[in-house]
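Engineer: Take a look at the following structure, please.
The values are calculated or read from the model by the stated rules, or taken from the named source; none is laboratory data. All of these numbers come straight from a predicted model, not from anything done at the bench. Note: ideal-geometry Cβ built from the backbone for every residue, glycine included; neighbour counts use all protein chains shown.
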Amino acid sequence: MSSSTSLQSLIREARNITGSKQNEIRDSIVNTIYQEAGNIAAETVTNEKNKVDWDRKIDQIITSRIWGFPIMFGVLTLILWLTITGANYPSALLANGLFWIEDQLTNIFISMNAPSWLHGFMILGVYRSLAWVVSVMLPPMAIFFPLFTLLEDLGYLPRIAFNLDRFFKSAGAHGKQALTMSMGFGCNAAGIIACRIIESPRERLIAALTNNFVPCNGRFPTLIALATIFMGGMVVSFSSAVATLSVAGLVVLGIAITLAVSFLLSKTLLKGIPSSFTLELPPYRKPQVGQVIVRSVLDRTIFVLSRAMIIAAPAGGIVWVLANTMIGDTSVLATIAGWLDPFAKQMGLDGFILMAFICGLPANEIVFPILIMSYVSGGAMIELDSMEALRQLLVDQHGWTWLTALCTMLFTLCHWPCGTTLYTMQREQQSWYWTVLAAVIPTAVGIILCIVVNHLVRGLGLV
């Protein structure tokens, strides 16, 4: 018998003996190592007398089984509340300024006797799409990213991974998936690249396939806008708080779906025993506020916004062309939406909403602008200079209800990844099979979830 075969047999024998207590034994070994290291440090290192270890005291609360998750949810809710309430005024200000520029550009086109189709394509299509992306996306990102980066700089994100570690182990996944999932809040493509920190190929695949269930920055503006109009609009008082809790609840739902799908994958396509890792919590650091602002604005906000603008500009023009190309008395855009409408109705949506998701494959940031442009007669996006104007378009003109908004938010949370994320998945895994599966899994979950919610709410007569 070779030495490798002998070693493998010993490992199998050890696993049979330890059985279900493997995690307890591993934790006991790690605790023993840290206790011994602490004893050695106590004998050889002299500390200041009566000095309070604030890191340990804070961690006893933040990472406790009782207070850890309420604190996590509270921090997430606070960040989203600051984002929602803080973005309203600058969004309206930006919209007014950008649509004033549009009026000036229109005057220039008129003075030049430019053909109407050129004005429609460039101004009503391309420019208005860009104006919507900038006015709606920039303020929330300018608030959300610095706050999220502040938590990262403070050292709180590893504590989130520590709290979620046992849930991912129970789901047959790796504890480090909590870190890659957190990266997905910024960008799902970045979250997939971050999966490299997971050593096991099986668990790395599980993390990559489920990363799309947390909303990226491109989906947050849509979620925030719909939550503000519909969920917050359902109450007279505390509308911002209700909208915030709605978005926070969706984020928690995304995490729950991540765990559920990870569990199913670990029991079917990617069977295996979850590997363990030891996470050493870094000390709390005083955030470098200046660096946080610069890093979050330049590396995240400007990068994401520029990518959205690059994709939104041609998309806006294409949608305008489709909306103004007629087949008989119906535009190409309305014809496609009509084909999709029966299936979309089963999901609580309509054909235009589903078509906007399909056309928004290049980037999640352009889904809502495409929808708005598709709704407006002639394919030109109206000057949405306030949430009230958007509410009138959706509710008064196109019959949206709170259920329509909820199903749209659910499908925003669960649908195929954007083109950049799929490209990144293919590059990382070098497999079209797993890339296609990365699109099919969240889409199937989103369709099933929307159909169930739609029929359940209608069956109960709540709408």
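Engineer: When you go through (1) surrounded by 14 or more Cβ atoms within 10 Å (Cβ to Cβ); (2) outside any helix (DSSP H, G or I) one by one for Asn113, which number turns out not to apply?
Structural biologist: Every condition holds for Asn113 apart from (1).
Engineer: What tally of residues in the range 309-340 results from selecting those that are acidic (Asp, Glu) and either in contact with a Leu (Cβ under 6 Å, 6 or more places away or on another chain) or buried (at least 18 other Cβ atoms within 10 Å of the Cβ) (or both)?
Structural biologist: Result for the range 309-340: 0.
Engineer: Run down Ala142, Ala131, Ala173, Ala189 and say which single residue is of a type outside the set (Asp, Glu) and more than 26 Å from Ala227 (Cα to Cα).
Structural biologist: After applying the criteria, what remains is Ala173.
Engineer: Another one. Please give the number of the condition Lys271 fails out of (1) in contact with a helix residue (DSSP H, G or I) (Cβ under 7 Å, 6 or more places away or on another chain); (2) outside any helix (DSSP H, G or I).
Structural biologist: (1)
Engineer: Would you say Pro140 is within 28 Å of Ile318 (Cα to Cα) and in contact with a helix residue (DSSP H, G or I) (Cβ under 7 Å, 6 or more places away or on another chain)?
Structural biologist: Considered against the rule, which asks whether it is within 28 Å of Ile318 (Cα to Cα) and in contact with a helix residue (DSSP H, G or I) (Cβ under 7 Å, 6 or more places away or on another chain), Pro140 comes out as yes.
Engineer: Tell me, please, whether a residue that is in contact with a Pro (Cβ under 7 Å, 6 or more places away or on another chain), part of a helix (DSSP H, G or I), of a type in the set (A, V, I, L, M) and at negative phi can be found in the range 204-223.
Structural biologist: Within the range 204-223, one or more residues are in contact with a Pro (Cβ under 7 Å, 6 or more places away or on another chain), part of a helix (DSSP H, G or I), of a type in the set (A, V, I, L, M) and at negative phi.
Engineer: Within the range 233-247, identify whether any single residue is closer than 17 Å to Trp402 by Cβ, among the aliphatic types (A, V, I, L, M) and in a loop (DSSP other than H, G, I, E, B), and answer yes or no.
Structural biologist: Looking for residues that are closer than 17 Å to Trp402 by Cβ, among the aliphatic types (A, V, I, L, M) and in a loop (DSSP other than H, G, I, E, B), one finds at least one in the range 233-247, hence yes.
Residues are listed down the side, and each one gets a yes or a no for (1) closer than 23 Å to Ala225 by Cα; (2) assigned to a helix (DSSP H, G or I); (3) free of Cβ contacts under 8 Å to residues at least 24 places away in the same chain; (4) of a type in the set (Phe, Trp, Tyr):
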site: Pro70; (1), (2), (3), (4): no, yes, yes, no
site: Leu80; (1), (2), (3), (4): yes, yes, no, no
site: Phe109; (1), (2), (3), (4): no, yes, yes, yes
site: Gly120; (1), (2), (3), (4): no, yes, no, no
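Engineer: Looking only at the range 70-80, count every residue that is among the hydrophobic types (A, V, I, L, M, F, W, C) and touching a Leu at 6+ places or on another chain (Cβ under 9 Å) and tell me the total.
Structural biologist: 5
Engineer: Of all the residues that make up the range 192-221, how many are small (Gly, Ala, Ser) and free of Cβ contacts under 8 Å to residues at least 24 places away in the same chain?
Structural biologist: Final tally of qualifying residues: 1.
Engineer: I've got another one for you. Among the residues of the range 396-419, count how many are β-branched (Val, Ile, Thr), farther than 15 Å from Pro442 by Cβ and surrounded by 17 or more Cβ atoms within 10 Å (Cβ to Cβ).
Structural biologist: 2
Engineer: While we're on this one: Looking at the range 335-351, which of its residues are farther than 17 Å from Leu394 by Cβ and not β-branched (Val, Ile, Thr)?
Structural biologist: Gly338, Trp339, Leu340, Pro342, Phe343, Gln346
Engineer: In the range 164-184, is there at least one residue being within 20 Å of Thr443 (Cα to Cα) and crowded, with 22+ Cβ neighbours inside 10 Å?
Structural biologist: yes
Engineer: Looking at the structure I just gave you, is Val251 assigned to a helix (DSSP H, G or I), of a type outside the set (Ser, Thr, Tyr) and under 22 Å from Thr401 (Cβ atoms)?
Structural biologist: The answer is no for Val251.
Engineer: Taking the range 94-105, which residues are modelled with pLDDT of 90 or more and over 24 Å from Met141 (Cα atoms)?
Structural biologist: Gln104, Leu105
Engineer: I'd like the full set of residues that are of a type in the set (Ser, Thr, Tyr) and not in a strand (DSSP E or B), limited to the range 302-330.
Structural biologist: Matches in the range 302-330: Ser306, Thr325.
Engineer: Scan the range 190-213 for residues that are buried (at least 24 other Cβ atoms within 10 Å of the Cβ) and among the hydrophobic types (A, V, I, L, M, F, W, C) and report the count.
Structural biologist: Number satisfying all stated conditions: 7.
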